[in-house]
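Colleague: Please see the structure below; I have some questions.
Taken together, the values in this text are just the output of simple stated rules run on the coordinates, not laboratory data. Only a predicted model underlies this, so the values are computations on that prediction, with no experimental measurement involved. When we count neighbours, we look across all protein chains shown, and the Cβ atoms used for this are built from the backbone with ideal geometry, even at glycine.
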Amino acid sequence: MLPGMNLNLAGQSVAVFGAARGIGRAIADGFIAEGCSVRGFDREMSADFITAGDVTNYEAVKGFAADFEAVDHLVFCVGIGSGKFGFPFWNLAPSDWGRVLEVNLIGAVNVAHAFAPRLIERGGGSMLFLVSVAGQMGSQTDPPYSASKAALINFTQCAAKDLGPHNIRVNALAPGMVKTELNQSIWAAGQKLLPEAQRQSFDDWAKEKIKKVSHLGRWQMPEEYAAMATFLASDHAKNITGQTINIDGGQVMHS
Ligand SMILES: NC(=O)c1ccc[n+]([C@@H]2O[C@H](COP(=O)([O-])OP(=O)(O)OC[C@H]3O[C@@H](n4cnc5c(N)ncnc54)[C@H](O)[C@@H]3O)[C@@H](O)[C@H]2O)c1
């Protein structure tokens, strides 16, 4: 965080979904570094602050929400791809869409439903949903993934309108190309379709893609999302709601 910018988050309570690794783990660590009490939820358990569970299981998510004495902020960092490559979209079957929408969209909706009453009873707070540049430009790489993120951006706006009067802010954070395991699966799905001679190593593929999509020409790193997530939870962001904020090297520029 910027020197001299005191976020005043110490003692606040934060729920992070998808906290086992990648961006979610960095965001959990960022809040811990600010002195927050952080509890994670993930289908994998990689640390003792994480409760094992699947965000598509509404009862499990509700049970997790009920377990908090009080909660101030939630961050939803769960996301999966279909594991297939969408150029053209009929590389996928309609049946490949269900699980992606269930996890990326309905999972987020489950979390919002379970936690809204807890934040309302607290008298304020924030929700942050990790979306993607893919949800802002009809990205063909994985159409169900793009559609799930576009829908989540829209739901973020609905939730921000409903929860504004309760002093709860709701925003979305959109990454472009972040150095996490998620990109490994996108690379692997694409390589499978190529003849042997055209296949690339992960590093070569990433270098070429970053050069094409990022005006800054470099990977985004998970810690950059932690800096924004903690800022958005703080009072410095008290007038920011319903927004989709991109940390993407300029891949998408809003007019
Ligand atoms: N990495 C990128 O380049 C990139 C780009 C755009 C958007 N995003 C988005 O950012 C978010 C974080 O991405 P990441 O790169 O850290 O991904 P990641 O795959 O490294 O981590 C995702 C986490 O979610 C957990 N998870 C997956 N399905 C779950 C389920 N059903 N229930 C509970 N937990 C589940 C995984 O176990 C994992 O810990 C995701 O929403 C992703 O779509 C990432």
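Colleague: Local charge sum around residue 117 (other residues, Cβ-Cβ under 13 Å, Lys/Arg +1, Asp/Glu -1)?
Modeller: Charge balance in the 13 Å sphere: +1.
Colleague: Could you grab the relative contact order for region 145-232? Cα pairs under 8 Å, six or more apart, rounded to a whole percent.
Modeller: It comes to 26 percent, rounded to a whole number.
Colleague: Given a 10 angstrom Cα cut-off, can you work out which residue in 195, 175, 165 is the most mobile in a GNM of the chain?
Modeller: 195
Colleague: Among 211, 62, 149, which one shows the biggest mean-square fluctuation in a GNM of the chain, springs joining Cα atoms closer than 10 Å?
Modeller: The residue that fluctuates most here is 211.
Colleague: Also: To the nearest 500 deg cm²/dmol, what mean residue ellipticity at 222 nm is calculated for the chain from DSSP H runs of n ≥ 4 alone, each contributing -39,500 (n - 2.57), summed and divided by the residues?
Modeller: It lands at -12000 deg cm²/dmol.
Colleague: Now for a different question. With both partners inside the chain, how many of the DSSP beta bridges are antiparallel, as a percent to the nearest 5?
Modeller: The antiparallel fraction comes to roughly 0 percent.
Colleague: If the cut-off is a Cα-Cα distance under 18 Å, which lysines reach residue 238, setting aside same-chain residues fewer than 8 apart in sequence?
Modeller: Output for residue 238: 161.
Colleague: Which of 214, 185, 201 ends up with the largest GNM mean-square fluctuation for the chain, with Cα atoms connected below 10 Å?
Modeller: Looking only at 214, 185, 201, the largest GNM fluctuation is found for 201.
Colleague: Here is a follow-up. Taking Cα pairs under 8 Å and at least six residues apart, what relative contact order does region 60-187 come out at, in percent?
Modeller: Computed value for region 60-187: 31 percent relative contact order.
Colleague: Would you mind calculating the relative contact order of the chain from Cα pairs under 8 angstrom and at least 6 residues apart, reporting the percent as a whole number?
Modeller: Once normalised by length, the contact order is 21 percent.
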